[in-house]
Amino acid sequence: MVCLAIVAALVQEPSIWYQKDLSGRVLTVEGRYFLATPPEHVIGVDARWLAWSADGRYLAIQGVLPKARKQGWLREVLNPTLATMVWGIWDSETNRYKEIMRSNETVDLGHLSLVGRSGGGFLSTPRGDVSSLYWVDAIPGNPPKLIGEVPLGFGILPSPVKDQGIIVNRDRTETLLLYRSGFVPGPKLPKGSMLNRWDAGGSKLTFGTQGDPRGKTLKFIDLDTREVGTSSNLQFWEPTSLPVFSREIGEETKRLILLGLDEEDTKRGTLLAEGVEYSVMAETRDAIAYESNGSVFATFIREISKSDFANMEELAEVRRTLEQANGAIGIIRELAREADWTLGPPDDVMTKIAGVEGGPDLARQLMLTYKGELKIPPGSPSVELGYVQGKTGRAVIYSNGSVKWQKGSR
């Protein structure tokens, strides 16, 4: 995570921020500024499925671990290593990953659904013509708890608020009401029913058929009473979300970008990652998980103030100026070494700098302040050679190879 409270302080100490330029990870949406934090490594697996909890804190992961190859190719051919499927939950606040279960059977993946806000969920794993159903959570040391078996083909609809959910069959006519301690048969639904939205309390799931009128009395399955109820004034669960979304663009090498919610021009997006195989954004739109190069990463979206953004832009400019100054002193010291550690007059040195790759642009930014020829053998007292001017200060270069920032110098 990024602590924005220190951004302003870092302007006074740009060396701390030298390798932490995040200004390119800020997206502007209608006068608001959103920072995409640097990617956090979660786990090294080939992700098959990722899903965030409703509040964007916990990440459910299903993936394949890299094969552990045996010694020698012949042993691998005669007795090939099995891939290992793992299920786990990652807590973004503690940066702690908990493996829930693993298996060498990777054909049918099973499914891990997070519910509520506790970091818990329901894991279903296929066993013949049924699925074993477990209650799992993110608490270290808590093993999966088997709560029963259900027929294959049932899907879990997790509550966004409470540790419960509803299981439905393929034609959406039979239901099971699911709790941490187990499940019970639920109400039968009319053929062709569509299960729609949860109420704000996370206990009622509305349903209806295609021809049902909208905006009138709604039917719902109530997990508290375990019956069907009706209401004309249900308050629905709505996540507090940011006005941004993520999109994968490209084909072979996908790039992950962040865009404003109503933005269609991908060129206006902020680049988050490259080489992305698969990504998913939380309903709160402040958390994104993705797989790249056999590992799962997460990045988070935080709204920052205009002044924070201005400070970040200033820090980015400081970083660029320091980079130019380091490039300049590297060339200057090489020129001195080739001439028995003697620098020619500033005009001669500037001509030589302009002749190297990238030198013309550097020469336009650099000002050498020493006079005449100057000997700078190793171990000699360091002297100021010049500076690279920036918008808010200058990066001063010294004969010993060091660079220092002087804020406000023009």
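Please compute the length gained on full extension between residue 338 and residue 83, using 0.36 nm multiplied by the number of residues separating them and subtracting their Cα-Cα distance. Intermediate values should be presented prior to the final figure.
Details: separation 255, 0.36 × 255 = 91.80 nm, distance 5.66 nm.
So the extension gain works out to 86.1 nm.
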Label model pair residue 217, residue 232: point-to-point distance (7 angstrom along the Cα→beta-carbon line) in nm is 0.8
When the charge dipole of the chain is computed with +1 on Lys and Arg Cβ and -1 on Asp and Glu Cβ about the Cα centre, the Cα farthest towards its positive end, among 358, 43, 58, belongs to 58
Quick calc, residue 266 & residue 225: beta-carbon distance into FRET formula, R0 41 Å, rounding 0.05, result 0.30
Here the gain from full extension of residue 375 to residue 146, 0.36 nm per residue of separation minus their alpha-carbon distance, amounts to 74.6 nm
Neighbours of residue 300 by Cβ distance under 15 Å: Lys/Arg at +1, Asp/Glu at -1, summed charge -3
Taking a crude spin-label model, label points 7 Å out from Cα along the C-beta direction, the residue 197 to residue 41 distance in nm is 4.2
Computed from the beta carbon distance with a Förster radius of 35 Å, FRET efficiency for residue 184 and residue 95 to the nearest 0.05 stands at 0.40
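Scale the Cα Rg of segment 190-338 by the rule-of-thumb value 2.2 N^0.38 Å and send over the ratio, two decimals. Mind showing how you got there, number by number?
Details: Rg = 25.3 Å, N = 149, 2.2 N^0.38 = 14.7 Å.
Computed over Cα atoms of segment 190-338, the ratio equals 1.72.
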Summed over the other residues with a beta carbon less than 12 angstrom from that of residue 324, with K and R at +1 and D and E at -1, the charge totals +1
Karplus-derived 3J(HN,Hα) from phi for segment 368-377 (6.51 cos²θ - 1.76 cosθ + 1.60, θ = phi - 60°), whole Hz, x at Gly and Pro, runs 8, 10, 6, 10, x, 7, 8, 8, 9, x
Segment 352-410: spread of alpha-carbon positions along the three principal axes, whole Å, largest first, is 33, 29, 18
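Stretched out fully, how many nm does the piece from residue 48 to residue 389 gain, at 0.36 nm a residue minus the Cα gap?
Values: separation 341, 0.36 × 341 = 122.76 nm, distance 5.00 nm.
Using 0.36 nm per residue and subtracting the Cα-Cα distance, I get 117.8 nm.
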note: segment 232-293, Cα-Cα separations exceeding 18 Å make up a percent value of 42
Long-range amide H partners of residue 272, meaning residues 5 or more apart or on another chain whose placed amide H is closer than 5 Å, are 256, 257, 258
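For an R0 of 41 angstrom, estimate the FRET efficiency from the Cβ-Cβ distance between residue 127 and residue 274 and round to the nearest 0.05. Each step should come with its number before you reach the end.
Values: r = 40 Å, r/R0 = 0.97.
After rounding, the FRET efficiency stands at 0.55.
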Residue-normalised 222 nm signal for the chain, counting each DSSP H run of n ≥ 4 as -39,500 (n - 2.57), nearest 500 deg cm²/dmol, is -4500 deg cm²/dmol
log10 I(q)/I(0) for segment 303-400, Debye formula on C-alpha points only (no solvent), q = 0.14, 0.15, 0.20, 0.22 Å⁻¹, two decimals, reads -0.54, -0.60, -0.94, -1.09
Averaging 1/r across every pair of distinct alpha carbons in the chain and inverting yields a Kirkwood hydrodynamic radius, in angstrom, of 25.9
Between the modelled labels at residue 323 and residue 303 (7 Å from Cα along Cα→Cβ) the distance in nm is 3.1
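No lab work stands behind these numbers, since they all come straight from the coordinates. Values in this document were obtained by computation on a predicted structure and should not be read as measured data. We place every Cβ from the backbone using ideal geometry, glycine too, and count neighbours over all the protein chains shown.
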